[in-house]
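Colleague: Pasting a structure below so you can have a look.
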Amino acid sequence: MSNASLKDFPVVVPFPVHWSEMDAFGHVNNARTFTWFESARIAYMARIGLVGPSGAGADTTMADGVGPILANTHADYLRPVVFPVNLVAGARVTRVGNSSITFEHAVAGADDGVLYTRGGSIIVTLRYATHEKVPVPPALRAAIEKLEGRTAGDQA
């Protein structure tokens with residue numbers, strides 16, 4: 001398995017492309033990309049303790065009813081994904097703001113490292129009871145810094 005194109009991503013999730021993911025145009029439907037991004041992002045958030053292993057809100061380990069909510073996501077499609085292929089999806093944090101965490105995502109071929117899609121997302125730390133943004137807790141910043149191997153405010 002060659003993950004050279006995702007070498008700077010601390011979290012990489014492997015998965016196969018299934019025949020059922022193909023659309024009428026003979027390639028994987030573009031909406032599937034966001035599921036791959038989500039899988040890598042949830043795995044990342046589980047590694048830093050933002051969600052439990054299942055990714056479920058009930059598993060949230062942050063105090064005071066504070067948890068993550070997706071505020072933005074986007075993708076740049078570089079080439080079509082066609083069956084059969086095994087892929088890897090990577091996630092890394094490129095910026096931690098006052099109340100937001102910016103992720104970079106990438107999807108590549110597991111065997112050849114060919115990059116299919118790049119994108120990103122922004123997660124906001126939210127107090128669910130009041131729907132207000134709250135600062136990213138210091139413990140969460142520290143967990144990101146440890147996983148990324150750099151200061152959370154630094155650009156990747």
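Colleague: Stretched out fully, how many nm does the piece from Tyr77 to Lys7 gain, at 0.36 nm a residue minus the Cα gap?
Modeller: Extra length from Tyr77 to Lys7 when fully extended: 23.2 nm.
Colleague: Let me ask something else about it. Gap in Å between the Cα centre of segment 109-127 and the Cα centre of segment 1-52?
Modeller: Rounded to whole Å, the Cα centres lie 7 Å apart.
Colleague: Report the extension gain between Ser99 and Ala24 in nm, rounded to one decimal, defined as 0.36 nm multiplied by the number of residues separating them, less their alpha carbon distance. All intermediate terms of the calculation are to be shown ahead of the outcome.
Modeller: Numbers: separation 75, 0.36 × 75 = 27.00 nm, distance 4.09 nm.
Computed gain between Ser99 and Ala24 is 22.9 nm.
Colleague: Can I ask one more? With only Lys, Arg, Asp and Glu charged, each at its Cβ (+1 for the first two, -1 for the last two), find how big the charge dipole of the chain is about the Cα centre; round to the nearest 20 debye. Can you show the working numbers first?
Modeller: Numbers: 13 positive and 14 negative charges, 58 e Å.
The calculated dipole for the chain is roughly 280 debye.
Colleague: Would any residue of segment 100-136 have its amide N under 20 Å from a label point 7 Å out along Cα→Cβ of Ile69? List them or say none.
Modeller: 100-103, 121-136
Colleague: What's the Cα-based Rg to Rh of segment 25-147, Rh via Kirkwood?
Modeller: On the way: Rg = 15.5 Å, Rh = 15.3 Å.
Dividing the radius of gyration by the Kirkwood radius yields 1.02.
Colleague: Which whole-Hz ³J(HN,Hα) couplings does segment 30-40 yield from phi under the Karplus relation 6.51 cos²θ - 1.76 cosθ + 1.60, θ = phi - 60°, glycine and proline marked x?
Modeller: Values, residue by residue: 4, 5, 4, 3, 5, 5, 5, 4, 4, 4, 5 Hz.
Every number in this text was worked out from the coordinates using simple rules, so none of it is lab data. Note that the structure is predicted; figures quoted are calculated from it, not measured. Don't worry about glycine lacking a Cβ; one is built from the backbone with ideal geometry, like all the others, and counts go over all protein chains shown.
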